[in-house]
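The values are calculated or read from the model by the stated rules, or taken from the named source; none is laboratory data. Computed from a predicted model, the values in this text were never measured in an experiment. Positions of Cβ are backbone-derived with ideal geometry, glycine not excepted, and every protein chain shown enters the neighbour counts. Side chains are part of the model used for accessible areas, which takes the heavy atoms of the whole protein and leaves out ligands, DNA and RNA. Shrake-Rupley method; radii C 1.70, N 1.55, O 1.52, S 1.80 Å.
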Amino acid sequence: MAGETGETIRPRREYIPWEDLPVERETVVGVGTVLPVVVLYVLIAVFPIAFAFWASLHDVHTLNPEWEWVGLDNYREVMNIATFWGSLWRGIVYMVGSTLIQLAVGLWMALVLNRITRGQKLLTAVVFTAYLIPTIIVSLVALRVFDPAGGVFQMMGAEWFGLWEAREAPLGSRDWAMPLLILIGSWKFAVFVTIFTLAQLRAIPDRFYEAAKVCGANRWQMFRDITLPRLMGIVLVVVLLRSIFMFNKFDIIWQLTQGGPGNATTTLPVLAYKTVYTNQAYGLANAIAIVMFLFLLASAIVYFKLFNPSEEVETTT
């Protein structure tokens, strides 16, 4: 169609609301939207797990590309490894200790930051900086401050509290290596809890607290009846995430102690790493990884059955 000026006038395309789209077109759009997510999930989750399981069914030397089928023999060997059950227990201790400390410190920092009125953004940025520091930097600083040759925390622990000898390396002590790992990791990762909790705190309407004040409620009563119920959902999610992350944690443990002294800080990720690069048993290491995955999967299922954090979030919103 041509106008008076000779220009071609194209008919305007009519906007069709989503709910009025034909069924076939709506299906195509829906599949096109979900398909990239499914493909990405398969590539970064399903495929690696399937590959690890397939490798765990073979006897594979790390430097030898030939795979020999052994079936479930690697899993039987995992159950008979002398250090497996100890590594599993130490991983649980590290996970529980780190998660509890991070939860307590993270909640406390979130509550404090939420109450500050002046300089809140600056203080929040300073607190969040700890989470941005690379793990290797945290490890190097920790090795320095606990160095028996002049480390400030080493001297404080030895001279002020008598926790260890003056020339003793705390990170090389069977008694102190695991507690110090838990404390160092908690210092860095507690901010993760703060980020989630602070966002939830700022989503609570002020009118709730104003109404409680009118009714004569004190601070503890407002925290118990208003704040805590609305934090429970996010706390349950954070506990699940931090537990999984800390159980799988490898980098900071290896950088600080390499699983020592002896096996005092050897968790399952460290054991799997040693199995690959010390014992050269690639298939056996994958069997350890699959056992870790099944342990976490079973723990997550039990956790959801007991607490159901998604339902808690819906209840408190």
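Scan the chain and report its longest stretch carrying no chymotrypsin sites (Phe, Trp or Tyr not before Pro) that are both in a DSSP loop and have at most 12 other Cβ atoms within 10 Å.
In the chain, the maximal stretch lacking such sites is 162-317.
Place +1 on the Cβ of every Lys and Arg and -1 on the Cβ of every Asp and Glu in the range 53-157, take the dipole about the Cα centre, and give the residue among 139, 156, 56 whose Cα lies farthest towards its positive end. Most positive-ward Cα: 156. For the chain, a crude dipole built from +1 on the beta carbon of Lys and Arg and -1 on the beta carbon of Asp and Glu, taken about the Cα centre, is about 1160 debye to the nearest 20. As a length-normalised measure over Cα pairs under 8 Å and 6 or more apart, the relative contact order of the range 52-182 settles at 12 percent.
Per residue, the average separation of C-alpha pairs within less than 8 Å and at least 6 apart gives the range 226-317 a relative contact order of 39 percent. Close amide H pairs (under 5 Å, H built 1.01 Å from N) link residue 59 with 68, 69, 70, residues at least 5 positions away or on another chain.
With a ≥ b ≥ c the root eigenvalues of the C-alpha gyration tensor of the chain, is it rounded (a/c under 1.5), prolate (a/b larger than b/c) or oblate? Walk me through the intermediate numbers first.
Values: a/c = 2.14, a/b = 1.23, b/c = 1.74.
It comes out oblate by the Cα gyration axes.
Protein heavy-atom accessible surface, 1.4 Å probe, per residue over the range 160-287: 48 Å².
For the residue pairs 249/305; 188/305; 121/188, the C-alpha atoms sit more than 22 angstrom apart in 249/305; 188/305.
Note on exposure: 242, 167, 115, 144 ranked by accessible area (1.4 Å probe, complete protein assembly) read 167, 115, 144, 242, with the most exposed listed first.
Relative contact order for the chain: what percent, with Cα pairs under 8 Å and sequence separation of 6 or more?
27 percent.
Rolling a 1.4 Å probe over the protein heavy atoms of the chain, with every protein chain left in place, gives an accessible area that is 66 percent carbon and sulfur. Hydrophobic long helices, here whole DSSP H runs in the chain with Kyte-Doolittle means of at least 0.5 and Cα atoms spread over 20 Å or more along the helix axis, are found at 23-41, 84-115, 177-201, 228-247, 282-307.
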